[in-house]
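Q: Before I ask anything, here is the structure I am working with.
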Amino acid sequence: MRNPVIQSVLVGTFLSAACATTAPPQASPIELNDAVQAPRVRTLLRILAADSMEGRQAASPGYARAAKFVAEEMQRIGLVPAGDSGYFQRMAAFRNAQGRLVVLPSFAAWDTIPEAQRVLDVNVVGVIPGVDPELREESVVIGAHLDHFGITGRPGARCPAVGADSICNGADDDASGVVTVLESARVLATGAKPSRTVVFIAFAGEEGGPSGSRWYIEHPVRPIAKTVAQLQIEMVARPDSLAGGTGRAWLTGYERSTMGQMLAAAGIPVVADPRPAMNFFRRSDNYRFALAGIPSHGLSSFGMHTDYHNAGDGAEKADWDHMATVIRGAAKAVRLLADGPRPEWNPGGRPPLPPSPPSRP
């Protein structure tokens, strides 16, 4: 989950690896044919948060290794590759004089940047096409950010060490979200084909932008005008007592749209964000989609643990039973968004567009 004051960025080896005001209709509880099991969840999280991934800092070989692993998992699940290079959606960026990542509008703009400053970053994108004749052109986006802060002391790695540990593994933030995206995709792929098309994404550069979601909004693999919902998974590896403890999660901006009530009515253990003053709704990739007019929220169980954005966020601190239960709920949410009524903004719920910068004389 992005800290508002922190910015970061992928030089890559990627191409070498191919409370709502209107209640929604009541829904019946959703049953899944393929249960999410804690051992598989543990394996995936340990891989993504391993020291060998070097904290998955954007613009690093560690991020490239993580992106390759996610792409291989998407292929194993049977998702249709939806990037411009297999599962990789390349994005053009450059480093400014302060070493920060600036996402460009296109690769044509990239060509105007000195080669030494160019940065190639990627989102990892796979799709399950919808089959309903009336709904298959609509899409739902399920996302989590793959990047974290890398290794303390390296350029751009704004994450403190904990004792002798300098690798900021980002197990909760947000390897846990990426595991949830992959497991939700696997569960959906083993059942009946969805009515709507579902796009699964591991975003780049959230900790410093969010750059990957910005690029996707400007270069969508399915039309934004027909994207009916986006669900961002952010930090679900540990329980939050304010959400009800083990197996329960909360939804950022719950009161802004009908999505939260839809999920709760379907038996998914989700409540409103218990810390609205922290403004988590604006602090992850979902906000880019919300600004584009798409009902979009973050699903989380972050309980304000002290390992946030430091090297203490390791996989050994995950609560596997909690995480598996939350992932089951997320998989049910994906099925509901794919097949059920489309979420709608509640009055005043859609965030206003930011003011345009003043024109130059």
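Q: Restricting to the stretch 306-320, name every residue that is open to solvent by 30 Å² or more (accessible area, probe 1.4 Å) and either among the aliphatic types (A, V, I, L, M) or at pLDDT below 95 (or both).
A: To start, the set of residues in the stretch 306-320 that are open to solvent by 30 Å² or more (accessible area, probe 1.4 Å) comprises 306, 308, 316-317, 319-320.
Result: Thr306, Tyr308.
Results for (1) open to solvent by 10 Å² or more (accessible area, probe 1.4 Å); (2) out of contact with any Pro (no Cβ under 9 Å at 6 or more places or on another chain); (3) at pLDDT below 90; (4) assigned to a helix (DSSP H, G or I), shown as yes or no for each residue.
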{"position": "Val122", "(1), (2), (3), (4)": "no, yes, no, no"}
{"position": "Gly143", "(1), (2), (3), (4)": "no, yes, no, no"}
{"position": "Arg154", "(1), (2), (3), (4)": "yes, yes, yes, no"}
{"position": "Cys159", "(1), (2), (3), (4)": "no, yes, yes, no"}
{"position": "Ser184", "(1), (2), (3), (4)": "no, yes, no, yes"}
{"position": "Lys193", "(1), (2), (3), (4)": "yes, no, no, no"}
{"position": "Phe200", "(1), (2), (3), (4)": "no, yes, no, no"}
{"position": "Val221", "(1), (2), (3), (4)": "yes, yes, no, no"}
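Listed here are the residues, each with its yes/no results for (1) within 17 Å of the chain's Cα centre (by Cα); (2) within 29 Å of Arg42 (Cβ to Cβ); (3) not in a helix (DSSP H, G or I).
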site	(1), (2), (3)
Val228	yes, no, yes
Gln232	yes, yes, yes
Val236	yes, yes, yes
Pro239	no, yes, yes
Glu255	no, no, no
Ala264	no, yes, no
Gly267	no, yes, yes
Phe281	yes, no, no
Phe289	yes, no, no
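Q: Please verify whether the stretch 19-33 includes one or more residues that are open to solvent by 20 Å² or more (accessible area, probe 1.4 Å) and at pLDDT 90 or above.
A: no
Q: Further question on the same structure: Among the residues of the stretch 179-198, write down those that are touching a Phe, Trp or Tyr at 6+ places or on another chain (Cβ under 9 Å) and within 14 Å of Gly143 (Cβ to Cβ).
A: Of everything in the stretch 179-198, those that are touching a Phe, Trp or Tyr at 6+ places or on another chain (Cβ under 9 Å) and within 14 Å of Gly143 (Cβ to Cβ) turn out to be Val181, Leu182, Ser184, Ala185.
Q: I want to confirm something. Restricting to the stretch 69-104 and keeping residues that are of a type in the set (Gly, Ala, Ser) and under 11 Å from Gln117 (Cβ atoms), which single residue is surrounded by the most Cβ atoms within 10 Å (Cβ to Cβ)?
A: To start, the set of residues in the stretch 69-104 that are of a type in the set (Gly, Ala, Ser) comprises 71, 78, 82-83, 85-86, 92-93, 97, 99.
Still in the running and under 11 Å from Gln117 (Cβ atoms): 93, 97, 99.
Details: Ala93: 27, Ala97: 6, Gly99: 12.
If we take residues in the stretch 69-104 being of a type in the set (Gly, Ala, Ser) and under 11 Å from Gln117 (Cβ atoms), then Ala93 is surrounded by the most Cβ atoms within 10 Å (Cβ to Cβ).
Q: Go through the stretch 274-292 and count every residue that is within 22 Å of Leu242 (Cα to Cα) and out of contact with any Gly (no Cβ under 7 Å at 6 or more places or on another chain).
A: Residues meeting the conditions: 8.
Q: Mind counting the residues in the stretch 141-175 that are touching a Gly at 6+ places or on another chain (Cβ under 9 Å) and β-branched (Val, Ile, Thr)?
A: Result for the stretch 141-175: 4.
Q: Can you tell me which of (1) surrounded by 24 or more Cβ atoms within 10 Å (Cβ to Cβ); (2) closer than 17 Å to Val140 by Cβ is the one Ser301 doesn't meet?
A: Exception for Ser301: condition (2).
Q: Using beta carbons and a limit of 7 Å, which pairs, at least six apart or on different chains, have the first residue in the stretch 42-58 and within 8 Å of Gly150 (Cβ to Cβ) and the second one among the charged types (D, E, K, R) and open to solvent by less than 20 Å² (accessible area, probe 1.4 Å)?
A: Listed pairs, sorted by first residue: Arg56/Asp147; Gln57/Asp147.
Q: It is to be established whether one or more residues within the stretch 140-162 are over 26 Å from Ala50 (Cβ atoms), touching a strand residue (DSSP E or B) at 6+ places or on another chain (Cβ under 7 Å) and of a type outside the set (Val, Ile, Thr).
A: Taking every residue of the stretch 140-162 in turn, none turns out to be over 26 Å from Ala50 (Cβ atoms), touching a strand residue (DSSP E or B) at 6+ places or on another chain (Cβ under 7 Å) and of a type outside the set (Val, Ile, Thr).
The values are calculated or read from the model by the stated rules, or taken from the named source; none is laboratory data. If you're wondering where the values come from, they're calculated on a predicted model, not measured in any experiment. Here Cβ is always computed from backbone atoms with ideal geometry, including for glycine, and neighbour counts include all displayed protein chains. Side chains included, ligands, DNA and RNA excluded: accessible areas come from the protein's heavy atoms. Shrake-Rupley method; radii C 1.70, N 1.55, O 1.52, S 1.80 Å.
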